[in-house]
Structures are given as structure tokens and as C-alpha cells.
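Some notes on the structure that comes next.
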Amino acid sequence: MTDADPKVELRRAALERRDALPDREARARQIQEAVHLIDRFASARVVSSYVGVKSEVATQQLIGHLLFHGTTVAVPWREGEELALVRLDALEELVPSSFGLLEPSPGICGSPDRELLANACDVLIIPGLAFDRTGARLGYGRGYYDRLLRRVRPDALRIGLAFDGQVVETVPTGPTDERVHLIVTEEELIRVSAPAESAGP
């Protein structure tokens, strides 16, 4: 990726705009409450969710709600160049890691009885710096979530969380970029598409 890549400038501008957004906590609560009303989310047996840090849309309330209601929660951790998923049993199991992330504690990561495969997820909550109304997503440039999403079932629902100002006219995409089906902001729920039917039985 070079400085001429249009993603570089969009990524910088999107991060600056998100960092400067006032009332992020209140806005994030609105977004999380809107997610609760999505039927597929409410009925899911296994939900994967990123753990919001810094100026990202917070997800801890969402994760706590899922755990309270007995839903299996999968959270990502970085295993080399890939995102692996593990089952989270309590918010207290999250600890600070590199890049300012919150990840499951080292004793949980890599534990065979906590490992969850991506294709076990019914719903995935996805972060991003910017989204457009076609479901295109701009990440941080390392491709972790694109690679994770290529491993999920075709009928799994992909939900992107973003503040309203993160929805832009066009996100440049390439052949390896994955899209989301829904985008939830504090102002609206953008329905992009429906998941494909599963090829399984």
C-alpha cells in the first residue's frame, strides 16, 4: 500500500473525525440499544463481537447483555496474522494487550476448550473506521477482519457498528475486502443486503 492509495487518506480523515466526536459514550449506548432490536441478533446462539477500545463504538454493554442472557460470546484475539475466536465467559476475562486492545487473558487464548471456529457464529459484530451504504468497510489496513470473514458461514449476519459520521459516500475496495449486511449508527440502521443461504443441511 502506497501513500497514493485512496484508503490512506480516508483512513486518516475517518480516525480524526471519530476521535473528535463529542458524546461518544451516549452515542455508543444508542447504537448498542439499536442492535438489541435486530431479530437475528436477539435469536442468535453464538455471537462474535469485537471489544471496543479508544474511540471505537463501545461494545462492553452489548457483550454483557449477551452473557447475562446465556448467549455464547466469541471474541477475537490476534494469533500471528489471523484473528482467532475464543469463548468469553465474563467481561473480567478481558485484559489490555498490544495496540491498546482488550483481549481475553493469555490463559484463555489458545485453550482448546475455549476455542470457537468462525463458522460457528450466527452473528458477527464488526468494527471499522468507515462504511458506505453498499456495506463496504474500511479497516485499519492489516486485513484481520477480511480474513476472518472469509471463514464464516454464508448465512451468518455481519453487523458493522459506526457513528453516523463514519458513514461515507464511497469506501474504496479491492478483491480481498469483505462487506457487511447491516450498519448500525446512532441515527439509523442501514440494511445493505441479506446473508446468503447456508449450503449446509
Gap separating the Cα centres of the range 106-130 and the range 1-55, nearest whole Å: 17
For the range 1-105, state which GluC sites (Glu not before Pro) are in a DSSP loop and have at most 10 other beta carbons lying within 10 Å of their beta carbon. Glu81
Which order do Val57, Val171, Val192, Val95 fall in if you start with the one that has the fewest other Cβ atoms within 10 Å? Val95, Val192, Val171, Val57
R0 of 25 Å, Cβ-Cβ distance Ser105-Arg151: FRET efficiency to nearest 0.05: 0.55
In the neighbourhood of Ala136 defined by beta carbon distances under 10 Å, the net charge of the other residues (Lys, Arg +1; Asp, Glu -1) is 0
Tell me the chymotrypsin sites (Phe, Trp or Tyr not before Pro) within the range 63-156 that lie in a loop according to DSSP and have at most 16 other beta-carbon atoms within 10 Å. Tyr140
Could you pull out the GluC sites (Glu not before Pro) across the range 109-201 that fall in loop regions by DSSP (anything but H, G, I, E, B) with no more than 10 other Cβ atoms inside 10 Å? Glu169, Glu197
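Each reported figure results from applying straightforward, stated rules to the coordinates on display, with no laboratory input. Predicted, not measured: the structure shown is a model, and the values here were computed from it. Cβ atoms come from the backbone with ideal geometry, glycine included; neighbour counts cover every protein chain shown.
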